[in-house]
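Presented below is the structure to which this report refers.
Read-outs: derived from the displayed coordinates by stated rules, not from any lab. Owing to the predicted nature of the structure, the values given are computational and were not obtained by experimental measurement. Cβ atoms come from the backbone with ideal geometry, glycine included; neighbour counts cover every protein chain shown.
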Amino acid sequence: MIVLRAALVALVTTTATAARATDCPRKDTLGTARVMTVNPQAFPRVGLKSFPQTLPLADKEVVLTFDDGPFPATTTKVLAALASECVQATFFLIGRNAEANPAIVRKIAASGHSIGHHTWSHRPLDKIGQPQALEEIDRGIAADEMALNGTATRLPSTPFFRFPGFASTPALLAHLQSRGIAVFGADLWASDWNPMTPDQQLQLLTARLDEEGKGVILLHDTKAQTAKMLPAFLQYLKRNGYKVVHLAASQQIKSSSHDR
Ligand SMILES: [Zn+2]
């Protein structure tokens, strides 16, 4: 059975490399069921692992989020798998990775995914002091925006942020809220920071999802095991009636009124 499943993963991965986001929507794919616009005023913090509130998802609705990229070897595989099933996700980028791989940042955006922010270098913001934490946040946003739009601004085009390791502080949460930036935790995850086979990860993630029934899912596009698992996970969602919800900002931040 495990051999069979591995063969299926390999087959789906091969198919995925041939598909492009521009071919979507496409019959017999999982597809993106709907787009939810997230207003940071109404939802300043979401994700039940860290906060009391999350996004208003219906049963069987999931949001796919990927952290820590872009990382060429694995992010491109994740993008191919998503394109193969015509689903959109949100990528929380590390600024220095975005600076090193601007073409992939633009490919993520061109494929219809949303781009959130995950600091410059993934330091624990609850441990380094407020000035350095703000520098990590702003330098990360600026690097992501530079890769995306050619402008190093601390105003994020999509005002979504996730703390490295979910390590927030009350002061930083208040700061981000004052800037109209929504903070994302997660409702469930695959624990893909722990080494395991793609098959083990699939079992873990699908068991957790079936238990919760819906939610904002955290994955890492920097992990080879996650990139390998993803095609089979998307098939699982399709077979079991789950719907993918894509997140978009309710309005892109254009004003400089929040700038310091
Ligand atoms: Zn991270």
Report the residue, chosen from Glu136, Glu211, Glu99, that carries the largest GNM mean-square fluctuation when the chain is represented by alpha-carbon nodes joined by springs under 10 Å. Glu211
Multiply the residue separation of Ser250 and Ile128 by 0.36 nm, subtract the distance between their alpha-carbon atoms, and state the gained length in nm to one decimal. 40.8 nm
Could you give the radius of gyration (one decimal) and Dmax (whole number) of the Cα atoms in the stretch 35-178, in Å? 14.9, 43
When we measure straight from the Cα of Lys127, which lysines land under 17 angstrom away, once same-chain ones fewer than 8 places off are left out? none
Which listed pairs, of Lys77/Lys107; Lys223/Lys243; Lys49/Lys77; Lys214/Lys238; Lys77/Lys243; Lys107/Lys243, have C-alpha distances above 18 Å, in listed order: Lys223/Lys243; Lys49/Lys77; Lys77/Lys243; Lys107/Lys243
Using alpha-carbon pairs under 8 Å, 6+ residues apart, how would you state the relative contact order of the chain in percent? 31 percent
Round to the nearest 0.05 the FRET efficiency obtained for Gln177 and Thr153 when R0 = 22 Å and r is the Cβ-Cβ distance. 0.70
Multiply the residue separation of Ala224 and Thr169 by 0.36 nm, subtract the distance between their alpha-carbon atoms, and state the gained length in nm to one decimal. 16.7 nm
What per residue convex hull volume, in Å³, comes out for the stretch 24-89 when only alpha-carbon positions are used? 120 Å³
Suppose R0 equals 22 Å. What FRET efficiency, 1/(1 + (r/R0)^6) with r the Cβ-Cβ distance, do Arg239 and Leu48 give to the nearest 0.05? 0.30
